[in-house]
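Participant: Here it is: the structure, laid out below.
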Amino acid sequence: FGGLAAAGFGAFTLTDLIVNDDFDSITDKFRSKLPEAERKHRPKVVILGTGWASLCMLRKLHTDEFDVYIISPRNYFLFTPLLVGGTTGTVEVRSIMEPIRKYCKRSDSEEATFIEAECVSVDPKKKTVRCVDNSTVKGEVSEFDLQYDHLIVGVGADNQTFGIPGVKENACFLKEINDTRVIRDKIIDCLETASYPGQPEKEIDRLLNFIVVGGGPSGVEFTAELNDFLQSDLLRTYPLAKRIKVTLVEALPHILTIFDKKIIDHVEKRLTSSDNTRIWTKTAVVGVKEKEITVRNDKKEESQVPYGLLVWATGNTPRALTTQLIKDIGPSHQNNRRGLIVDEYFRVVGTDGIWAIGDACINLQKPLAQTAQVASQQGRYLGRLFNHMAEDMNKQKIENAKSLSSAIVTTVSTTAATPLFKENQDFNDKLKNQPIFKYRHMGTLAYIGDHQAVAEFKGDSTTTFEGYFTYYLWRSVYFTKLLSMRNRVLVSFDWLKSTVFGRDVSRG
Ligand code: FAD
Ligand code: NAI
């Protein structure tokens, strides 16, 4: 009943605070809409990505004021906080995906154009992006260039591998929808293969040695989910499952270093309470082969560890597109390894008309964590900022038209042929009157297995929670943050189904 309880509880908790933070001063009713004659000159806004930052911006943006294009290799939004549950079947992946086209058309006048393609390069001088079709089905046209007035880079981040040889070829990752399918399949495959008659003991041990690299929130949540899957479902189905060993490997002295010490101690104790799970801290993975990894401890001693499943969760690195853009802009403006340096309005430093939000950017004055919470607030802020700018420009245009004499009106109507926002300078000047972004931290939550979660809220002092109540808080917060009723219903059923009938252990 976990899902339903969470659903009920969620309805009364943080919904208004987190989901409906619509403190926009411009409402549709009182908006000074762009004069009809100007509509064809709407500034062209190209948004890259369909993740947290980009979608939150799109949902806020008044798409009748701008000519909006969304470019992304995936035509859906992925609700990442519940992604780990997809690796074991606690939730089904379709339940946490949202088709992006659903958000492109709000009314006849409010429409954005989605194109499923990957942006491979940006030309900041010509103000164009080059996009290619990287899907399996290709038509005669599979590449195109698109002009922009404003480019929003919301491409997120890639998996960090630190260039360690063999990681990309042999490890599973925790980022995309397909990663969950690969991991789920591999867990079961390891068990089926270990169950072959005559399989040598040593090989069974290797196949059932599951390694998770990285003791950040992703690695910890995955270890917790895997342990749940093992205790609740695999032990019932596979006689050999009791031989599974799950090892969480972390280079630092502790896991979950972003959390308070009290939480760290609790999680370390909790995760190792089962005989099947262990944590190796002060241990770095330095090499990966098809069937074994090389680990190095703090005394610089190296050893080989055979594995059946290897899951890599050692954080983020900028995507190839972001790295290329950083290089093209040049080291005098862009020199940060985490992403594109932006100012307080998310303008990419050293460019004109390029903005970056979410995991792809960093503000050096106020660096923030790379989380959905941050990305969504940044996206919403930028959407509102663009709306305010459009509103300002429209008001000015309407007022000018009303107050000027007919002779001047003639001049105005002549100038009306010049695009309103084409000059980004105009836009930049007006920006100075706008409020800058302020991040509101709502707390950090993480699932730690066996119906337990941890939460940390930072104010003047740090407050921490752990245990069953926190688990329902964790579920209800993410439940309310799911974007649609459809997703909420599907996730509730998934939670109910996995609680009552157990998780599915078939492959495919
Ligand atoms: P993303 O959401 O990653 O979106 C990037 C988008 O850009 C995608 O649509 C991608 O397809 C697209 N794209 C990529 N390359 C290109 C290109 N070349 N051209 C065009 N489009 C491109 N955060 C929390 O706050 N709470 C959590 O509980 C939480 N749990 C997480 C669990 C996991 C397993 C993971 C991996 C992350 C989790 N996070 C969580 C972090 C959170 O998901 C990220 O910080 C967030 O997704 C960043 O949003 P974004 O929009 O910048 O990037
Ligand atoms: P992370 O950067 O938070 O943690 C990665 C960990 O891997 C670090 O502790 C690092 O010391 C360790 N590491 C790196 N190289 C290693 C090696 N070779 N061997 C062993 N250990 C190594 O990365 P994570 O967990 O992937 O998270 C990425 C982002 O997503 C973070 O910003 C995180 O806050 C966010 N996130 C938030 C969640 C939540 O709020 N519940 C859940 C999941 C992710």
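Participant: With r defined as the distance between the Cβ atoms of Arg243 and Phe469 and R0 fixed at 22 Å, what FRET efficiency is calculated, to the nearest 0.05?
Facilitator: Using R0 = 22 Å, I get an efficiency of 0.05.
Participant: Using Cα-only point scatterers and the Debye equation, what is log10 of I(q)/I(0) for the range 93-243 at each q in 0.09, 0.11, 0.15 Å⁻¹, rounded to two decimals?
Facilitator: Debye intensities relative to I(0), on a log10 scale: -0.51, -0.70, -1.02.
Participant: So what is the relative contact order for the range 125-280, in percent, with contacts set as C-alpha pairs under 8 Å and at least six apart?
Facilitator: 16
Participant: Local charge sum around Leu321 (other residues, Cβ-Cβ under 12 Å, Lys/Arg +1, Asp/Glu -1)?
Facilitator: Computed value for this residue: 0.
Participant: Give me the percent relative contact order of the range 427-474, please, defined on Cα pairs under 8 angstrom at least 6 residues apart.
Facilitator: Relative contact order for the range 427-474 comes out at 28 percent.
Participant: OK, next. Quick one: if the Förster radius is 30 Å, what FRET efficiency do Val286 and Gln231 give, using the C-beta to C-beta distance and rounding to 0.05?
Facilitator: The pair Val286/Gln231 has a calculated efficiency of 0.45.
Participant: Rounded to a whole number, what is D in µm²/s for the range 239-281 from Stokes-Einstein with the Kirkwood radius over alpha-carbon pairs (25 °C, 0.890 mPa s)?
Facilitator: D, rounded to a whole number, is 218 µm²/s.
Participant: If exposed means no more than 16 neighbouring beta carbons inside 10 Å and the site is in a DSSP loop, what's the longest run of the chain without any exposed GluC sites (Glu not before Pro)?
Facilitator: The segment 177-289 is the longest one with no such site.
Participant: Calculate how many DSSP beta bridges within the range 127-254 are antiparallel, expressed in % of all such bridges and rounded to the nearest 5.
Facilitator: Rounded to the nearest five, the antiparallel share is 50 percent.
Participant: Could you list which residues have their amide H under 5 Å from that of Ser121, counting only those 5 or more apart in sequence or on another chain, with H placed in the peptide plane?
Facilitator: Close amide H contacts, sequence-distant or interchain: Arg130.
Participant: Using 0.36 nm per residue of separation minus the Cα-Cα distance, give me the extension gain between Arg130 and Asp298 in nm, one decimal.
Facilitator: 55.9 nm
Participant: If you don't mind, another one. Counting helices only, and only those DSSP H runs with n ≥ 4, report the 222 nm mean residue ellipticity of the chain as the sum of -39,500 (n - 2.57) divided by its residues, in deg cm²/dmol to the nearest 500.
Facilitator: Computed ellipticity for the chain at 222 nm equals -10000 deg cm²/dmol.
Participant: Ignoring the sites themselves, what is the longest stretch of the chain with no chymotrypsin sites (Phe, Trp or Tyr not before Pro) in a DSSP loop and at most 15 other beta-carbon atoms within 10 Å?
Facilitator: The reported range is 163-438.
Participant: Then there's this: Under the Karplus relation 6.51 cos²θ - 1.76 cosθ + 1.60, θ = phi - 60°, what is the ordered set of whole-Hz ³J(HN,Hα) values for the range 46-59, x standing for Gly and Pro?
Facilitator: My calculation for the range 46-59 gives 10, 9, 9, x, 10, x, 4, 5, 5, 5, 5, 5, 4, 5 Hz in order.
Participant: Given R₀ = 41 Å, what would the calculated FRET efficiency be for Asp145 paired with Lys366, taking r from the Cβ atoms and rounding to 0.05?
Facilitator: FRET efficiency, Asp145 to Lys366: 0.75.
Participant: Still on this structure, I have one more. Write down the Kirkwood hydrodynamic radius of the range 448-508, to one decimal in angstroms, obtained as one divided by the mean of 1/r over all alpha carbon pairs.
Facilitator: 13.6
Participant: Which residues' amide hydrogens lie under 5 Å from the amide hydrogen of Cys361, considering only partners 5 or more residues apart or on another chain, with H built in the peptide plane?
Facilitator: Leu340
Participant: Have a look at the DSSP beta bridges in the chain and tell me what percent are antiparallel, nearest 5.
Facilitator: So the antiparallel bridges amount to about 55 percent of the total.
Participant: Express in whole angstrom the spacing between the alpha-carbon centres of the range 160-212 and the range 347-364.
Facilitator: With the range 160-212 and the range 347-364 each reduced to a Cα centre, they are spaced 37 Å.
Participant: Run the accessible area of the chain with a 1.4 Å probe and give the carbon-and-sulfur part as a rounded percent.
Facilitator: The value for the chain is 54 percent carbon and sulfur by accessible area.
Participant: Treating cross-link reach as a plain straight distance, find the lysines whose alpha-carbon is under 18 Å from the alpha-carbon of Lys299, omitting any fewer than eight places away in the same chain.
Facilitator: Counting by Cα, and skipping residues close in sequence, Lys299 has these lysines nearby: Lys282.
Participant: Given Cα pairs under 8 Å that are at least 6 residues apart, what percent is the relative contact order of the chain?
Facilitator: 23
Participant: Sticking with this structure for a sec: Taking the C-alpha atoms of the chain, how large are the radius of gyration and the largest Cα-Cα span, Dmax, in Å?
Facilitator: That works out to 25.2, 96 Å for Rg and Dmax.
Participant: Short version: ³J(HN,Hα) in whole Hz for each residue of the range 234-242, in order, from phi by Karplus 6.51 cos²θ - 1.76 cosθ + 1.60 (θ = phi - 60°), x for Gly and Pro, what are they?
Facilitator: Going residue by residue, I get 5, 5, 6, 9, 10, x, 7, 4, 5 Hz, with x marking Gly and Pro.
Participant: Collect residues whose amide H, placed 1.01 Å from N in the peptide plane, falls under 5 Å from the amide H of Asn316; neighbours closer than 5 in sequence don't count.
Facilitator: It is Gln160, by chain and number.
Participant: Calculate, in nm to one decimal, what Ser506 and Ser195 gain on full extension: separation in residues at 0.36 nm each, minus their alpha carbon distance.
Facilitator: Extra length available between Ser506 and Ser195 comes to 110.5 nm.
Participant: Trypsin sites (Lys or Arg not before Pro), restricted to the range 281-338: which are DSSP loop and have at most 12 other Cβ atoms within 10 Å?
Facilitator: In loop regions of the range 281-338 (DSSP not H, G, I, E or B), the sparsely surrounded trypsin sites (Lys or Arg not before Pro) are Lys299, Lys300, Arg337.
Participant: Here's something else I'd like to know. In nm, give the distance between the simple-model label positions of Thr462 and Gln434, each being 7 Å from the Cα along the Cα-to-Cβ direction.
Facilitator: Going from the Thr462 label point to the Gln434 one covers 3.5 nm.
The values are calculated or read from the model by the stated rules, or taken from the named source; none is laboratory data. Because the structure is a prediction, the values reported are computed rather than measured. Counting neighbours? That spans all protein chains shown, and the Cβs are built from the backbone with ideal geometry, glycine included. Note: accessible area is taken over every heavy atom of the protein model, side chains too, but ligands, DNA and RNA are not part of it. Shrake-Rupley method; radii C 1.70, N 1.55, O 1.52, S 1.80 Å.
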